[in-house]
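The values are calculated or read from the model by the stated rules, or taken from the named source; none is laboratory data. The model shown is predicted, which means the values in this text are computed figures rather than measured ones. Positions of Cβ are backbone-derived with ideal geometry, glycine not excepted, and every protein chain shown enters the neighbour counts.
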Amino acid sequence: NGGKTFANPRNAAAGSLRQLNPEITASRPLRFFAYAWGDMSEMPADTQMGMVEAFRDWGFVINDRMKRCESVEELVKVYHGIEEERATLGYDIDGVVYKVDRLDLQTRLGFISRSPRWAIAHKFPAEQAFTLLNDIEIQVGRTGALTPVAKLEPVTVGGVVVSNATLHNEDYIKGIGPNGEAIREGKDLRVGDTVKIQRAGDVIPQIVDVDLAKRPEGAEPFEFPTVCPACGSHAVREENAKTGRRDAIRRCTGGLICPAQATEKLKHFVSRNAFDIEGFGDKQVDAFYADGFVTTPAEIFTLEARDRQALTKLRNREGWGAVSARNLFAAINERRSIDLHRFIFALGIRHVGEGNAKLLARAYGSWEAFSQAMVKAGDQTGEAWRDLNDIDGIGGIVAEALTEFFAEEHNLAQLAALLEEVTPKEAEVVDTGNSPVAGKTVVFTGSLERMTRDEAKAMAERFGAKVSGSVSKKTDLIVAGPGAGSKLKKAEELGLEVISEDDWFSLVGA
Ligand SMILES: [Zn+2]
């Protein structure tokens with residue numbers, strides 16, 4: 001139509017679906033292969049292949065390259081066959097997905113976070129291209145990490161225009177890997193270099209090689225800054241007390257005075273999986289921070305009151321009117337009550353991502369219980385510390401980061417101010433119908449015969465139970481197989497309920 005050309009099929013499809021006007025979407029010749037389903041009242045088949053065949057019988061288009069294989073060799077053969085056909089397919093693909101065919105086995109295998117254990121992608125080799133490294137920019141993250149980013153002469157790799165690539169840290173630029181090994185055969189990266197870019201699937205593009213023959217004369221080794229570009233504080237590479245190794249990441253020591261850390265923390269705080277405040281995104285964080293409107297999370301929630309006192313007048317600002325200001329205040333007020341795991345995630349504690357925040361919320365149930373336990377665990381020896389480490393999925397690094405966060409006076413002060421404005425909800429118990437083990441802490445020990453340890457864990461969690469690796473007073477139930485040793489003994493000493501694997505299956509009715 002003489003308009004702008006789409007960069008690639010993915011953008012064309014996604015952009016067409018995101019149109020506000022459905023007529024524009026309808027006018028675009030989009031097609032799809034049916035291969036999965038949402039909720040169904042009645043399953044037409046008990047295998048993946050059977051499901052897809054049912055889709056075909058119902059009139060959906062399915063991909064006839066889908067194949068049922070009996071061995072790994074067969075899978076790999078199909079993979080290579082499709083790889084050969086790839087260029088002539090008439091649509092873009094980046095690999096093949098293998099799935100366990102039997103749906104009951106899919107259920108048994110379950111999920112880790114959002115990724116299924118019963119499906120795996122086998123990607124085709126990444127596409128590569130050469131381009132110029134125009135500059136190396138340093139970004140400061142919310143934990144103060146100085147991250148170098150390659151600014152590239154824009155180049156098309158696998159149908160996508162690439163102009164940035166991650167450089168990880170200063171060692172990476174020097175050609176040194178995380179364990180001191182040489183990467184790119186030890187070749188460093190210099191501004192002006194001709195570099196080889198690689199992009200695989202959705203992965204952030206990487207620089208995999210540099211063409212030394214094309215290095216301009218006088219190109220200097222990159223000098224990594226030792227002060228923060230945002231606040232001028234010293235940026236240091238901490239030494240790990242245990243391993244004695246220097247951290248690969250250089251961090252700004254500015255803390256609260258660093259505007260880059262403060263704005264990145266605020267951006268994290270309002271992000272989609274944290275407070276998710278509508279109309280309060282990166283742009284608003286930058287603008288409000290620059291004007292001193294909002295410098296801490298708590299100040300987001302006092303914005304309206306200050307606005308009313310005419311201390312700040314949002315509606316007089318450029319781009320804001322009375323309606324947009326009112327909408328923003330309404331969106332903020334909607335978040336004065338928030339899920340506990342979102343609240344914990346929003347704090348931006350190192351190593352505490354969404355998954356860990358959910359584990360913590362489920363383990364402690366309420367903000368009061370969680371925060372008091374974190375302060376108590378600060379001794380790193382007592383019962384609170386042991387309980388924290390006992391949470392399945394929470395490792396030592398996470399536990400340390402949590403207690404360090406709660407040992408900082410200024411963090412506690414910011415939290416107190418925030419809790420004046422916001423109330424974290426009690427963690428909801430997983431909806432498990434009338435599961436007899438919902439909310440209970442279960443320990444599996446000994447060798448299990450009807451399921452693997454991972455399956456047992458996935459199953460218990462599906463029924464709303466919490467699985468722990470060690471036995472304590474807080475354990476509700478022990479499922480002991482043959483050969484159970486010290487855990488069983490401890491359970492018996494504590495007088496806890498011990499059942500067999502068969503009892504477990506009849507208990508949960510599986
Ligand atoms: Zn700084």
Item to check | Of all residues making up the stretch 341-363, the number that are more than 15 Å from Phe269 (Cα to Cα) and either in contact with a Cys (Cβ under 8 Å, 6 or more places away or on another chain) or of a type in the set (Gly, Ala, Ser) (or both) | outcome: 3
Checklist entry - Do you know which residues across the stretch 395-425 are crowded, with 19+ Cβ neighbours inside 10 Å and more than 14 Å from Leu347 (Cβ to Cβ)? => result Ala399
Checklist outcome for this item: Flagged in the stretch 252-269 as more than 9 Å from the ligand (Cβ to nearest atom) and in contact (Cβ under 8 Å) with a residue 40 or more places away in the chain, in numbering order, are Leu256, Glu264, Lys265, Lys267, His268, Phe269
Checklist entry - Which ones in the stretch 125-147 are assigned to a strand (DSSP E or B) and away from the ligand (no atom under 16 Å from the Cβ)? => result Glu127, Gln128, Ala129, Phe130, Thr131, Leu132, Leu133, Asn134, Asp135, Ile136
Checklist outcome for this item: Filter the stretch 148-159 for residues that are modelled with pLDDT under 95 and of a type in the set (Gly, Ala, Ser); the one that is farthest from the ligand (Cβ to nearest atom) is Gly159
Item to check | Odd one out for Phe224 among (1) within 30 Å of Ala331 (Cα to Cα); (2) within 16 Å of the ligand (Cβ to nearest atom); (3) at pLDDT 95 or above | outcome: (1)
Checklist entry - Within the stretch 177-222, which residues are on the phi > 0 side of the Ramachandran plot and part of a loop (DSSP other than H, G, I, E, B)? => result Gly180, Gly192, Gly201, Gly218
Checklist outcome for this item: By residue number, the members of the stretch 215-248 that are surrounded by fewer than 12 Cβ atoms within 10 Å (Cβ to Cβ) and either outside the structural domain of Thr194 (by TED's automatic domain parsing) or polar (S, T, N, Q) (or both) are Asn240, Thr243
Checklist entry - Residues of the stretch 311-348 being among the β-branched types (Val, Ile, Thr) and either within 27 Å of Met374 (Cβ to Cβ) or out of contact with any helix residue (DSSP H, G or I) (no Cβ under 9 Å at 6 or more places or on another chain) (or both), which ones? => result Ile332, Ile338, Ile344
Item to check | The one condition in (1) on the phi < 0 side of the Ramachandran plot; (2) surrounded by 14 or more Cβ atoms within 10 Å (Cβ to Cβ) that Gly464 fails to fulfil | outcome: (1)
Checklist entry - Given the structure, is Val210 under 30 Å from Ala331 (Cα atoms), more than 16 Å from the ligand (Cβ to nearest atom), touching a residue at least 12 places away in the same chain (Cβ under 8 Å) and surrounded by 15 or more Cβ atoms within 10 Å (Cβ to Cβ)? => result no
Item to check | Members of the stretch 148-176 that are assigned to a helix (DSSP H, G or I), touching an Asp or Glu at 6+ places or on another chain (Cβ under 8 Å) and in contact (Cβ under 8 Å) with a residue 60 or more places away in the chain | outcome: none
Checklist entry - Restricted to the stretch 189-202, and to residues that are without any contact (Cβ under 8 Å) to a residue 60 or more places away in the chain and surrounded by fewer than 18 Cβ atoms within 10 Å (Cβ to Cβ), which residue is nearest to the chain's Cα centre (by Cα)? => result Asp202
Checklist entry - Among the residues of the stretch 52-64, is any surrounded by 11 or more Cβ atoms within 10 Å (Cβ to Cβ), aromatic (Phe, Trp, Tyr) and farther than 26 Å from Val160 by Cα? => result yes
Next on the checklist: Gly244 - would you say it is over 16 Å from Tyr289 (Cβ atoms), near the ligand (Cβ under 10 Å from one of its atoms) and modelled with pLDDT under 95?
Outcome noted: no
Checklist entry - Where residues in the stretch 1-39 are out of contact with any helix residue (DSSP H, G or I) (no Cβ under 9 Å at 6 or more places or on another chain) and aliphatic (A, V, I, L, M), which of them is surrounded by the fewest Cβ atoms within 10 Å (Cβ to Cβ)? => result Leu20
Next on the checklist: Looking at the structure I just gave you, is Arg272 more than 9 Å from the ligand (Cβ to nearest atom) and either within 30 Å of Ala330 (Cβ to Cβ) or touching a residue at least 40 places away in the same chain (Cβ under 8 Å) (or both)?
Outcome noted: yes
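For (1) small (Gly, Ala, Ser); (2) more than 24 Å from Ile120 (Cα to Cα); (3) modelled with pLDDT under 90, each residue gets a yes or a no:
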{"residue": "Gly2", "(1), (2), (3)": "yes, yes, yes"}
{"residue": "Phe6", "(1), (2), (3)": "no, yes, yes"}
{"residue": "Ile62", "(1), (2), (3)": "no, no, no"}
{"residue": "Lys67", "(1), (2), (3)": "no, no, no"}
{"residue": "His80", "(1), (2), (3)": "no, no, no"}
{"residue": "Glu84", "(1), (2), (3)": "no, no, yes"}
{"residue": "Ala87", "(1), (2), (3)": "yes, no, yes"}
{"residue": "Asp101", "(1), (2), (3)": "no, no, no"}
